[in-house]
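Notes follow the structure.
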Amino acid sequence: PEAFEQIYRFRAVIEPAALLEISFRFDRTVAAALRKTQERLAAGQIDKFPLEALTAAGSTFHEELIRMSGNPMYFQALSRANQLRRLAEYRLKVNPQRVIVQSTQHLEILDLLERGDNLEAAHFMRRHLSGALAAKSPVIHPRTE
C-alpha cells in the first residue's frame, strides 16, 4: 500500500511538470484517439471494454500526454511507475462510477491542452491524480472498524 501511494505522489509531480515542458507539443491526432476512448468511458460504456483494455485506457491516456512533453525521461519514469502500479491495482475491483469520473476529467484535461492552457491543465492533472489516489486508497487500506 505504501508503494502504491508513493507511485501516485510521484506521478502527481512528474505528470504536471511534463505538461509544462518547453518542448511540449500537443498532438491533435493522438489527442483525437484518446478523446474517442475517454468519451466512450465517460458515457458509461465500460462493459464494452475487456478488463485489460479498461485498465490500459487510463495508462495510455497518461503515457501519451507525457510523451507529448518531448522529454523521454518523463515517459520512461511514468512507464516504470505504471508497471508497478498495475501490480497493485490488479487487486482492485473496477468501480464504474470512478471510471466515469476519471474519464470525464481526462476529457477536461484534453480540452485545456487543446486550448493551449497547459498551466491550468497541469494544475488539473495534479488534482486528478490526487483524487484518483484518494478514491483508490480506501480499497487498498480497508477500514478495520
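Can you list residue pairs whose Cβ atoms sit under 7 Å apart, with the first residue in segment 97-118 being farther than 21 Å from Gln45 by Cα and part of a helix (DSSP H, G or I) and the second being open to solvent by 70 Å² or more (accessible area, probe 1.4 Å) and at pLDDT 95 or above? Count only pairs 6 or more apart in sequence or on different chains.
Within 7 Å, the pairs are Asn118/Leu20.
Return yes or no: is Phe26 over 10 Å from Ser103 (Cβ atoms), open to solvent by 10 Å² or more (accessible area, probe 1.4 Å), of a type in the set (Phe, Trp, Tyr) and touching a residue at least 12 places away in the same chain (Cβ under 8 Å)?
On the way: over 10 Å from Ser103 (Cβ atoms): yes; open to solvent by 10 Å² or more (accessible area, probe 1.4 Å): yes; of a type in the set (Phe, Trp, Tyr): yes; touching a residue at least 12 places away in the same chain (Cβ under 8 Å): yes.
So Phe26 fits the description; yes.
Looking at segment 126-145, which of its residues are at pLDDT 95 or above and in contact with a Leu (Cβ under 6 Å, 6 or more places away or on another chain)?
Correct list: empty.
For Leu34, indicate whether it is touching a residue at least 40 places away in the same chain (Cβ under 8 Å), buried (at least 19 other Cβ atoms within 10 Å of the Cβ) and out of contact with any strand residue (DSSP E or B) (no Cβ under 6 Å at 6 or more places or on another chain).
Answer is yes for this residue.
Taking segment 1-23, which residues are free of Cβ contacts under 8 Å to residues at least 60 places away in the same chain, under 14 Å from Ile66 (Cα atoms) and of a type outside the set (Gly, Ala, Ser)?
Within segment 1-23, Val13, Glu21, Ile22 qualify.
Would you check if there is a residue in segment 10-29 being of a type in the set (S, T, N, Q), at pLDDT 95 or above and either part of a helix (DSSP H, G or I) or under 14 Å from the mean Cα position of the chain (by Cα) (or both)? Spell out the reasoning first.
Keep residues of segment 10-29 that are of a type in the set (S, T, N, Q), which gives 23, 29.
Subset that is at pLDDT 95 or above: 23, 29.
So of that shortlist, the ones also either part of a helix (DSSP H, G or I) or under 14 Å from the mean Cα position of the chain (by Cα) (or both) come out as 29.
The answer is yes, given that some residue of segment 10-29 is of a type in the set (S, T, N, Q), at pLDDT 95 or above and either part of a helix (DSSP H, G or I) or under 14 Å from the mean Cα position of the chain (by Cα) (or both).
Answer with yes or no whether Asp47 is at pLDDT 95 or above, open to solvent by 30 Å² or more (accessible area, probe 1.4 Å) and touching a helix residue (DSSP H, G or I) at 6+ places or on another chain (Cβ under 9 Å).
Answer is no for this residue.
Of the residues in segment 52-79, how many are open to solvent by 20 Å² or more (accessible area, probe 1.4 Å), part of a helix (DSSP H, G or I) and over 15 Å from Gln97 (Cα atoms)?
14
The values are calculated or read from the model by the stated rules, or taken from the named source; none is laboratory data. Being a predicted model, the structure only gives us computed values, none of them experimental. Cβ: placed from backbone, ideal geometry, glycine included. Neighbour counts: every protein chain shown. These area figures cover heavy atoms from the full protein model, side chains too; ligands, DNA and RNA do not enter into them. Shrake-Rupley method; radii C 1.70, N 1.55, O 1.52, S 1.80 Å.
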